[in-house]
Amino acid sequence: MNISIPCGERSGAVAAPPSKSALHRLFILAATGERECEIISPTLPEDAEATLRCLHELGADTERTCRGVKLRPISTGRGGTAVLRCGESGATLRFLLPLVGVMGREAVFVSEGRLPERPIEPLAAELRRHGMDVRREGARIFCSGTLRPGEWTMGGEISSQFVSALLMALPLLGGDSSLEITGRIESAGYIDMTERALRLAGICFERRGNTYLLPGRQCPALPSAVKVEGDWSGAAAFLAMGALSARGVCVSGLDADSAQGDRAIVGILRAMGAKVECAGDTVTVRMGALHGVNTDASQTPDLVPVLAALASLSDGRSVIYGAARLRLKESDRLSTAAEMLRTLGANVTEQSDGLLICGSPALRGGSVESFSDHRIAMAAAVAACGCERGVELRGADCVAKSYPLFWEDLSSLFVSGGES
């Protein structure tokens, strides 16, 4: 899908989309639990749909409701090889790999897009060490065997999803386990999200430094209904638009105490000179004297494209660093963000682990690619707020991966100060 994004400031109000990170975790805990649970979410991003589809294939009973999805736990005794179609969802693949080992199921994971290129071996190696057979053949991963409890080790520097996957799986085993996290922990907020979800489900564990003690023989017990929190990653695009607007943009449905690392957007916007007001679950951002900042993105990699777009319209120089992992996302996000913004007229230099951006009062606009990456598409919408003419975006439908209603929400805002 190709769309035309009018240039000019945006103002108005939107509600944050549901967090796909929370949805993955809640779906898995509900499907492996002891009782039926309704997950309340007004929309489902494609990545969450992939996890739901795979859990259904593994034996969970799923039912769409007017409020979201009702899940009944995976029934025992189902056999045969489960074909688990992950789409492009890295969380689906990584979170469910240990789960099929807990169940002792044979399974084939089928990946699309760039997902076959994204790292999985550190997790696969640890699963093999504890009883599973895991082998990759192109876009498919074949699994069999049953996991054993025991002493586990996982590096934290490649993906926090490896850690979260094991935290959700190990308490389900028939004996006690420990999990030691080695090295620098990247995107630690997502591990915190997993810890909170486990506590909500009544799972007992103890953390001593970087080691988790995980008693076995546990069964998740979520409340009968759980409302999914708003997504700070998706909201960040609209908050950044507010920083380019005299009238401002208001985003509701955000938890100020969320474990999501991307709630750091509030502090980053303030540091850049934007006017930010937080009241309850609502954040309002208005234009200030925007200036460049240096940002360590190691804990907030999903913010990089949106921040790069905003920095390109801020006074002075910005440096975004600690983001080398973005080269292994739906696109090489450092390269594609730089190319998209340069095409619109920005001064962006790609570095090994980040971006160097020299801001300007306005960009010229033009025709750009999304590179089939939802974060790049949303960043293009932010950049359009500071363009002299509209932005033609190719492949705009990729936003459905995390934010299906993004373009509808964007069109609900008032546009001023530009020509399309």
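Sort the stretch 241-300 into rounded, prolate or oblate with this rule: let a ≥ b ≥ c be the square roots of the eigenvalues of the Cα gyration tensor; rounded if a/c is under 1.5, and if a/c is not under 1.5, prolate when a/b is larger than b/c, oblate otherwise. Oblate is the answer for the stretch 241-300, as a/c is 1.5 or above yet b/c matches or exceeds a/b.
Mind running the shape call on the stretch 59-148? Use the C-alpha gyration tensor, a ≥ b ≥ c as the square roots of the eigenvalues: rounded below 1.5 for a/c, prolate if a/b tops b/c, oblate otherwise. Judged from the Cα gyration tensor, the stretch 59-148 comes out oblate (a/c at least 1.5, b/c at or above a/b).
Here the peptides 341-352, 56-67, 21-32 are ranked by packing, the mean other Cβ count within 10 Å, and the order with the highest first is 21-32, 341-352, 56-67.
Quick one, which of (1) 23.2; (2) 26.4; (3) 21.8 is the actual Kirkwood radius over Cα pairs in Å calculated for this model? Only one listed value fits the structure, namely (3).
Listed as lacking a disulfide-compatible partner in the chain: CYS37, CYS54, CYS66, CYS86, CYS143, CYS204, CYS219, CYS250, CYS278, CYS358, CYS385, CYS398, by the criterion of no other cysteine Cβ under 4.7 Å.
The stretch 270-420 gives an Rg/Rh value of 0.94, both radii derived from C-alpha positions and Rh following Kirkwood. Each principal axis of the Cα atoms in the stretch 295-372 has its own extent, and those three values, largest first, are 30, 27, 17 angstrom.
Run the dipole for the stretch 20-220 about the Cα centre, Lys and Arg Cβ at +1, Asp and Glu Cβ at -1, nothing else charged, and hand back the magnitude in debye, nearest 20. Don't jump to the answer; show the numbers that get you there.
Working: 26 positive and 25 negative charges, 45 e Å.
Charge dipole, the stretch 20-220, about its Cα centre: 220 debye, nearest 20.
Model label sites at ARG342 and CYS219, defined 7 Å from Cα along the beta-carbon direction, differ in position by 5.8 nm. For the stretch 20-220, the pair-distance distribution built from all alpha carbon pairs, in bins 10 Å wide starting at 0, is 9, 39, 40, 12, 0 percent.
Placing +1 on the Cβ of every Lys and Arg and -1 on the Cβ of every Asp and Glu, with no other charges, gives the chain a dipole of roughly 360 debye about its Cα centre. Taking a straight Cα-Cα cut-off under 29 Å and skipping sequence neighbours fewer than 8 places away in the same chain, the lysines within cross-link reach of LYS329 are LYS20, LYS227, LYS401. Would you be so kind as to identify which of GLY216, SER41, MET168 lies farthest towards the positive end of the dipole of the chain, taking Lys and Arg as +1 and Asp and Glu as -1 on Cβ and the Cα centre as origin? Most positive-ward Cα: GLY216. Magnitude of the charge dipole for the stretch 147-261, about its Cα centre and with charges confined to Cβ atoms of Lys, Arg (+1) and Asp, Glu (-1), is about 180 debye. Per-residue ellipticity at 222 nm, computed for the chain from helices alone with -39500 (n - 2.57) per DSSP H run of at least four residues, works out to -9000 deg cm²/dmol. A Stokes-Einstein calculation at 37 °C with viscosity 0.692 mPa s, built on the Kirkwood radius of the stretch 122-199 over Cα pairs, returns a diffusion coefficient of 247 µm²/s. Note on the stretch 85-163 and the stretch 167-219: Cα centroid distance 17 Å, given to the nearest whole angstrom. Taking LYS70 as the anchor, which aspartates and glutamates have their alpha carbon closer than 16 Å to its alpha carbon, excluding any fewer than eight residues away along the same chain? Here the aspartates and glutamates satisfying the reach criterion relative to LYS70 are GLU34, GLU36, GLU38, GLU49, GLU57, ASP61. When the Cα positions of LEU310, LEU326, GLN299 are compared along the charge dipole of the stretch 261-326, LEU310 comes out farthest toward the positive end, with charges on each C-beta of Lys, Arg, Asp and Glu. Comparing GLU277, GLU38, GLU369, which has the greatest mean-square fluctuation in the GNM of the chain with Cα pairs linked when under 10 Å apart? Maximum among the listed residues: GLU277. Would you mind calculating the relative contact order of the chain from Cα pairs under 8 angstrom and at least 6 residues apart, reporting the percent as a whole number? Relative CO of the chain lands at 20 percent.
Along the axis of the charge dipole computed for the stretch 20-220 (Cβ charges of +1 for Lys and Arg, -1 for Asp and Glu, origin at the Cα centre), the listed residues GLY155, ALA107, ALA124 are led at the positive end by ALA107. The stretch 338-420 has equivalent-ellipsoid semi-axes of 21, 18, 10 Å, by the square roots of 5 times the alpha carbon gyration tensor eigenvalues, sorted largest first. Each residue in LEU355, LEU244, LEU313 was given a count of other beta-carbon atoms within 10 angstrom of its own, and listing them fewest first yields LEU313, LEU244, LEU355.
Cβ crowding within 10 Å ranks CYS278, CYS7, CYS358 as CYS278, CYS358, CYS7, fewest other Cβ atoms first.
Any read-out appearing in this document is the output of simple, stated calculations on the displayed coordinates, not a laboratory observation. All figures in this text were calculated on a predicted structure; none of them were measured in a lab. Cβ coordinates were reconstructed from backbone atoms using ideal geometry, including for glycine residues, and neighbour counts include every protein chain displayed.
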